[in-house]
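Visitor: Provided herewith is a single structure, encoded as structure tokens, for subsequent inquiry.
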Amino acid sequence: MIALPRRVAAPLLLVALTVATYANSLQNGFVWDDAPVIVENPDTRDPAAMGRVLLSPDVTRPYYRPLNRASYLVDFQLFGMNPLGFHAVNIALHAGTVLLLYLLGRRLFATRSTAFLLAAIQAVHPLGSEPVNFVTARNNLFALLFALLTTLLFLDAIRRRSAWRALLSGLSYLLALASKEQAAMTLPLLAACLAIPGIADRSPRPREIAWLAPHGIALAAYAALRTLALGTTFATPAATEGLFSRLAQNLHTLPRYLALAIFPVDLTIAHAPHSSLGPGWLAIAWLAIGVVVAFELMRPTAAAIFGLLWFALNYVPVSNLVPIPSAAVAERFMYIPAVGLWILAADAAQRVYRSSTRRRLAVGAAAAGILLLATRTVARNREWRDDLSLWRSAVERDPRAVDAWFNLGVSLKERGEIASAGAAWRRGLEIAPGDGRTLSQLGTLAAVAGDHAAAEEYLLRAASALPVLAIAEFNLALLYERMGRAGEALEHWRRFLAIGSGQGEPEERLAFARARVSALAPASGR
């Protein structure tokens, strides 16, 4: 039997561990936002769209992630619209982050085994299940991959005084930015590396700040491209509105993320904005966070300082400092910051191992922990099989998650299970009686069933709900036309047109509404 060199065996074992943990993801389909972003998006299918993809915003503004969108187009050319190929690419990207983190661990830690433990945690931790299984969340995989590559190349540039490596690091940084905005925090992290003795294998020198010049150029180039695509460099002019309340939300959010990292049990696609912890437990959680940080700073190692900085800097973009036009809390948001936590965990394990008199027991405990994490991830992967399994698992985790009940109803309706869909929406309405989306769906069901009175009641409530829903006005207009009330239908067609363009309603729906206004206005004299 041929014995592989240790430097080769460790990476191969890490790849095998990653693939084994996520192998059951290959049988999963497209879920949730994969439909509008990938499956139904013509830019995913047309190779001639590459230029437009690279210089246009994402489906959801103000995101600009051209590398991510371009990768879907390449996937389609290779695999068609077969989800297996898309999932295989995600697993490969995740394996890439594992290998790069192993290489970073070799820089941070004295032993190969500690670097291996660090990368193994990244390979199997259940917090990675959402970005790996959710094809639309591939931007997180790309961003971390290139952020790690940027960091490694930069450290090499300093150690070897290599201008070429600095340039390559700057190019990698540009690719990270083109993957996800969160990657911008790699630049201040690199600057911090110049001030942390031990990270670059020698004492930093002040003039080495010049090695960051390629990264500054990359940031400027990205800002120019983003401005060209969006018309603005920044996400929104109203970023300061509600800033205090958004930041205060982190009193709940940060302990919840850390709890999921330590005890990854309550994993779900539909996390509530606030935790169920009372003030007392919340105070205890923050006291524990303070104690851990103080301990790390009292007995600092280069790895611990680097881990704290990585987590803190990469948490800032997902702290709602700038409003996030999606979920307030999501496991995929932790894919990049969590690397800092895994570095701290590996550093702690190394300290325990060095001070332990029963080292075999310590190694066994680490192996058992990796096995438990991998088992939990394999189970979590199954929940991403399709929309129905995803949203059913969400309502099981949190029966009061209104978004989960709504999306479960949509999934059931798409399968033709109309009665079950209605039951799911009514359950959601019990929790949030003013939810406009749920009211609109129930109104549509009632209209299809011929119960015009119930449909009108639901849709009027939906139209008066906040935030205002254009689709409720559209459905009301259709209902009134069916009931022969042309004047009221015209009024709601006009309201739909006034609201719909600002909410990104499809052009074909807007065109249909304009045609109905043209047809009804002369007859009504309005």
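Visitor: Here are several values of Rg and Dmax of the Cα atoms in Å: (i) 29.1, 115; (ii) 25.7, 91; (iii) 23.6, 79. Which one was derived from the coordinates shown?
Guide: Checking each listed value against the structure points to (ii).
Visitor: Using just the helices of the chain, give the 222 nm mean residue ellipticity in deg cm²/dmol: DSSP H runs with n ≥ 4 each add -39,500 (n - 2.57), and the total is spread over all residues, rounded to 500.
Guide: After summing the helix terms and dividing by residue count, I get -21500 deg cm²/dmol.
Visitor: Want the number for ASP451 to SER356: 0.36 nm per residue separation, take away the alpha-carbon distance, what's left?
Guide: 26.9 nm
Visitor: Let me ask something additional. If you put +1 on each Lys and Arg Cβ and -1 on each Asp and Glu Cβ, how big is the dipole of segment 1-96 around its Cα centre, in Debye rounded to 20?
Guide: 420
Visitor: Bin all alpha-carbon pair distances of segment 390-437 at 5 Å intervals from 0 and give each bin's fraction as a whole percent.
Guide: 5, 28, 33, 24, 10, 0
Visitor: Further question on the same structure: Compare the peptides 146-152, 375-381 by average per-residue count of other Cβ atoms within 10 angstrom and give them in order, highest first.
Guide: 146-152, 375-381
Visitor: Still on this structure, please answer the following. State the volume of the convex hull built on the alpha-carbon positions of segment 80-224, expressed per residue in Å³ and rounded to an integer.
Guide: Cα-based convex hull of segment 80-224, divided per residue, equals 117 Å³.
Visitor: Using the Cα centre as the reference, give the magnitude of the dipole from point charges on the C-beta atoms of the chain (Lys, Arg: +1; Asp, Glu: -1; all else neutral), rounded to the nearest 20 debye.
Guide: Rounded to the nearest 20 debye, it is 2260 debye.
Visitor: By count of other Cβ within 10 Å, fewest leading, how are SER411, SER355, SER169 ordered?
Guide: The most exposed by this proxy come first: SER355, SER411, SER169.
Visitor: Taking the Cα centre of the chain as the origin and placing charges on Cβ (Lys, Arg +1; Asp, Glu -1), which of ALA330, LEU429, ALA16 is farthest toward the positive end of the dipole?
Guide: ALA16
Visitor: What does segment 50-95 give for Rg and for Dmax, in Å, if only its C-alpha atoms count?
Guide: Cα-based Rg and Dmax for segment 50-95 come out at 11.6, 30 Å.
Visitor: Here's another thing I want to ask about it. If you line up the long axis of helix 279-298 against the longest principal axis of the chain, both from Cα atoms, how many degrees apart are they, to the nearest 10?
Guide: Rounded to the nearest ten degrees, it is 30.
Visitor: I've got another one for you. Can you sort ILE158, ILE121, ILE324, ILE431 by how many other beta carbons sit within 10 Å, fewest first?
Guide: Fewest-to-most Cβ neighbours within 10 Å comes out as ILE431, ILE324, ILE158, ILE121.
Visitor: Positive end of the dipole of the chain, charges at C-beta (+1 Lys, Arg; -1 Asp, Glu), about the Cα centre: which of ALA477, ASN250, LEU93 has its Cα farthest in that direction?
Guide: In the chain, that residue is LEU93.
Visitor: Between ALA16 and ALA221, with labels modelled 7 Å along Cα→Cβ, what's the label distance in nm to one decimal, could you check?
Guide: Placing both labels 7 Å along Cα→Cβ, they lie 4.0 nm apart.
Visitor: Taking 8 Å as the Cα distance limit and 6 or more residues as the minimum spacing, I'd like the relative contact order of segment 433-524 as a percentage.
Guide: Relative contact order, segment 433-524: 23 percent.
Visitor: Follow-up. Over the chain, what is the relative contact order in whole percent, taking alpha-carbon pairs under 8 Å and six or more residues apart?
Guide: Answer for the chain is 14 percent.
Visitor: Under 11 Å from the Cβ of ASN140, count the other residues' Cβ atoms, weight Lys and Arg +1, Asp and Glu -1, and hand me the total.
Guide: Result for the local shell: +2.
Visitor: Run the paramagnetic zone check for LEU388: 7 angstrom along Cα to Cβ, then residues of segment 57-90 with backbone nitrogen under 19 Å.
Guide: 83
Visitor: Size of segment 263-349 along its principal axes in angstrom, Cα-based, largest extent first?
Guide: 37, 29, 25
Visitor: Using the alpha-carbon atoms, what tilt in degrees (0 to 90, nearest 10) does helix 452-463 show relative to the longest principal axis of the chain?
Guide: 50
Visitor: Looking at the chain, which longest stretch skips every one of the GluC sites (Glu not before Pro) that is in a DSSP loop with at most 16 other Cβ atoms within 10 Å, leaving the sites themselves out?
Guide: The longest such stretch corresponds to 41-240.
Visitor: So, one more: Against the longest alpha carbon principal axis of the chain, how many degrees, from 0 to 90 and to the nearest 10, is the axis of helix 507-524 turned?
Guide: 20
Visitor: Determine, at each q value in 0.14, 0.24 (inverse angstroms), the log₁₀ of I(q)/I(0) that the Debye formula gives when each Cα of segment 433-524 is one equal point scatterer.
Guide: So the normalised log intensities work out to -0.44, -1.21.
Visitor: Among LEU371, LEU118, LEU390, LEU466, rank each residue by its count of other Cβ atoms within 10 Å, from fewest to most, as a rough exposure measure.
Guide: Listing LEU371, LEU118, LEU390, LEU466 from fewest to most nearby Cβ atoms yields LEU466, LEU371, LEU390, LEU118.
None of the figures in this text is laboratory data; all of them are computed from the coordinates on show. Computed from a predicted structure; not experimentally measured. Ideal geometry is used to build each Cβ from the backbone, glycine not excepted, and the neighbour counts take in all protein chains shown.
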